[in-house]
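The values are calculated or read from the model by the stated rules, or taken from the named source; none is laboratory data. This one's a predicted model, so the numbers in the text were calculated from it and none came from an experiment. A quick note on method: Cβ atoms are made from the backbone with ideal geometry, for glycine too, and the neighbour counts reach across all protein chains shown.
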Amino acid sequence: MILRNPEKLKLKDLKKFKDRCSQRKINLYIANSVKILFLLNTNKFYISSYNKKQFQHLKYINRKIEIIGSAHNAQEINEKIHQGCNQIFLSRIFQTKYKYKKSFYGKVKFNLVSRRFSANFIALGGIKQKNFSHVKDLNVSGIAMISDKKKAGTYVPAFFKKY
């Protein structure tokens, strides 16, 4: 789970939320705020695609820190690798119905882009029940989806079956 805009919340509420997540064994990533990351004493950090700051110094402070980031193109992927990301969400794999976002990678282009870099990629964007079978052909270490989250329980286990 990624906590966006943590600065808008009270520290007391953030600590309660972090404790609830850890009790349920849910990873809580703090987005773009190093200050909140250290105040909550957590090892999970998320860098959004628009954040261009360098965060490799965090790995020198805490070797156990896990940094993830999101990217939309090859330039941003390169940037996330230089920022020290362990995993990268590569966005817009399949076509979506967003009004202002018409571009997407597709299966072939995604694999070509992801094989150019030595990073763990997580597929994000447009993954639905009708195109879920295509996810097995992607060069990914995981998937993320929002729109079909209620139906996800029925077809996500199929992704992990050995054929």
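Total residues in segment 37-52 satisfying the condition of being farther than 19 Å from C85 by Cα and either in contact with a Gly (Cβ under 6 Å, 6 or more places away or on another chain) or buried (at least 19 other Cβ atoms within 10 Å of the Cβ) (or both): the figure is 1. Restricting N41, N5, N32 to those that are in contact with a Pro (Cβ under 9 Å, 6 or more places away or on another chain) and on the phi > 0 side of the Ramachandran plot reduces the list to N32. In segment 9-36, which residue that is of a type in the set (S, T, N, Q) and surrounded by 10 or more Cβ atoms within 10 Å (Cβ to Cβ) is farthest from S49 (Cα to Cα)? Applying the filter and picking the extreme gives S22.
Being more than 17 Å from the chain's Cα centre (by Cα) and at pLDDT 90 or above narrows it down to one of I36, I67, so name that one.
On the way: I67 fails: more than 17 Å from the chain's Cα centre (by Cα).
Exactly one of I36, I67 is more than 17 Å from the chain's Cα centre (by Cα) and at pLDDT 90 or above, namely I36.
When you look at I127, is it touching a strand residue (DSSP E or B) at 6+ places or on another chain (Cβ under 7 Å) and either in a loop (DSSP other than H, G, I, E, B) or farther than 21 Å from M1 by Cβ (or both), yes or no? It is true that I127 is touching a strand residue (DSSP E or B) at 6+ places or on another chain (Cβ under 7 Å) and either in a loop (DSSP other than H, G, I, E, B) or farther than 21 Å from M1 by Cβ (or both).
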